[in-house]
1. Could you list all residues from the range 33-59 that are in contact with a strand residue (DSSP E or B) (Cβ under 6 Å, 6 or more places away or on another chain), open to solvent by less than 80 Å² (accessible area, probe 1.4 Å) and not β-branched (Val, Ile, Thr)?
2. Just to be sure before I move on: is residue 95 surrounded by 14 or more Cβ atoms within 10 Å (Cβ to Cβ) and either charged (D, E, K, R) or in contact with a helix residue (DSSP H, G or I) (Cβ under 8 Å, 6 or more places away or on another chain) (or both) in the structure I sent?
3. Output the number of residues of the range 85-120 satisfying the condition of being basic (Lys, Arg), under 22 Å from residue 12 (Cα atoms) and part of a helix (DSSP H, G or I).
4. Looking at the range 12-29, which of its residues are of a type in the set (Gly, Ala, Ser) and open to solvent by 30 Å² or more (accessible area, probe 1.4 Å)?
5. Of all the residues that make up the range 1-37, how many are assigned to a helix (DSSP H, G or I) and free of Cβ contacts under 8 Å to residues at least 40 places away in the same chain?
6. Answer yes or no: is there a residue in the range 38-48 that is within 30 Å of residue 117 (Cβ to Cβ), in contact (Cβ under 8 Å) with a residue 12 or more places away in the chain and basic (Lys, Arg).
7. Being touching a residue at least 12 places away in the same chain (Cβ under 8 Å), farther than 22 Å from residue 14 by Cα and in a helix (DSSP H, G or I): is that true of residue 53 here?
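The values are calculated or read from the model by the stated rules, or taken from the named source; none is laboratory data. Owing to the predicted nature of the structure, the values given are computational and were not obtained by experimental measurement. Cβ coordinates were reconstructed from backbone atoms using ideal geometry, including for glycine residues, and neighbour counts include every protein chain displayed. Each accessible area value is taken on the protein alone, full model and side chains, heavy atoms only, with ligands, DNA and RNA left out. Shrake-Rupley method; radii C 1.70, N 1.55, O 1.52, S 1.80 Å.
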Amino acid sequence: MEKIKVMIDRAADGTYNVYCAGHPEFFGMGDSIEQAKAEMLESIRITREEIGKEQALSYPAWLDGEYELEYKFDVQGLLEYYAGVITPTALGNMTGINPKQIWNYMHGVAKPRRAQVEKIEAALHKLGHELINTSF
């Protein structure tokens, strides 16, 4: 099964852009991530089912096989999207990054360096792993 990287970005106007890395013909835009994802998935469906291999300007081979979409956020988009769930203080406790700095990343005041991105990603993956392995 091929994994297709899908990027999720927050635009300056507050909308979201979702697109397949390496396949710019598959994209979506919307006021929410769900809207943008749905639009992108519709462009994939139309290319695969209605336009077809013969008529499409670009038709990647993975469309004919099994594939999995792997979503990748930019830091600001992820922090804004999960703002009601993950606060700067909580993420600061998990990462060791100053919560004010995380607030700056969340609001586009500053962009995190690669090392900071890796700390945030590692902390969120650790939390996700812990939650997956938790039962009640």
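1. Our first condition is that a residue be in contact with a strand residue (DSSP E or B) (Cβ under 6 Å, 6 or more places away or on another chain); within the range 33-59, this holds for 33, 36-37, 39-40, 43-44, 58.
From what's left, open to solvent by less than 80 Å² (accessible area, probe 1.4 Å): 33, 36-37, 40, 43-44, 58.
Scanning the range 33-59 gives 36, 37, 40, 43, 58.
2. On the way: surrounded by 14 or more Cβ atoms within 10 Å (Cβ to Cβ): yes; either charged (D, E, K, R) or in contact with a helix residue (DSSP H, G or I) (Cβ under 8 Å, 6 or more places away or on another chain) (or both): yes.
Yes.
3. Step one: list which residues in the range 85-120 are basic (Lys, Arg), which gives 100, 111, 113-114, 119.
Right, trim to under 22 Å from residue 12 (Cα atoms) and you get 100, 111, 113-114.
Among the residues that remain, those that are also part of a helix (DSSP H, G or I) are: 100, 114.
Residues that pass the stated criteria total 2.
4. From the range 12-29, those of a type in the set (Gly, Ala, Ser) are 12, 14, 21-22, 28; that's our starting set.
Listed by number, the residues that qualify are 12, 21, 22.
5. Keep residues of the range 1-37 that are assigned to a helix (DSSP H, G or I), which gives 33-37.
Remaining after also requiring free of Cβ contacts under 8 Å to residues at least 40 places away in the same chain: 34-37.
The qualifying residues number 4.
6. Looking for residues that are within 30 Å of residue 117 (Cβ to Cβ), in contact (Cβ under 8 Å) with a residue 12 or more places away in the chain and basic (Lys, Arg), one finds none in the range 38-48, hence no.
7. Working: touching a residue at least 12 places away in the same chain (Cβ under 8 Å): no; farther than 22 Å from residue 14 by Cα: yes; in a helix (DSSP H, G or I): yes.
Criteria not met by residue 53.
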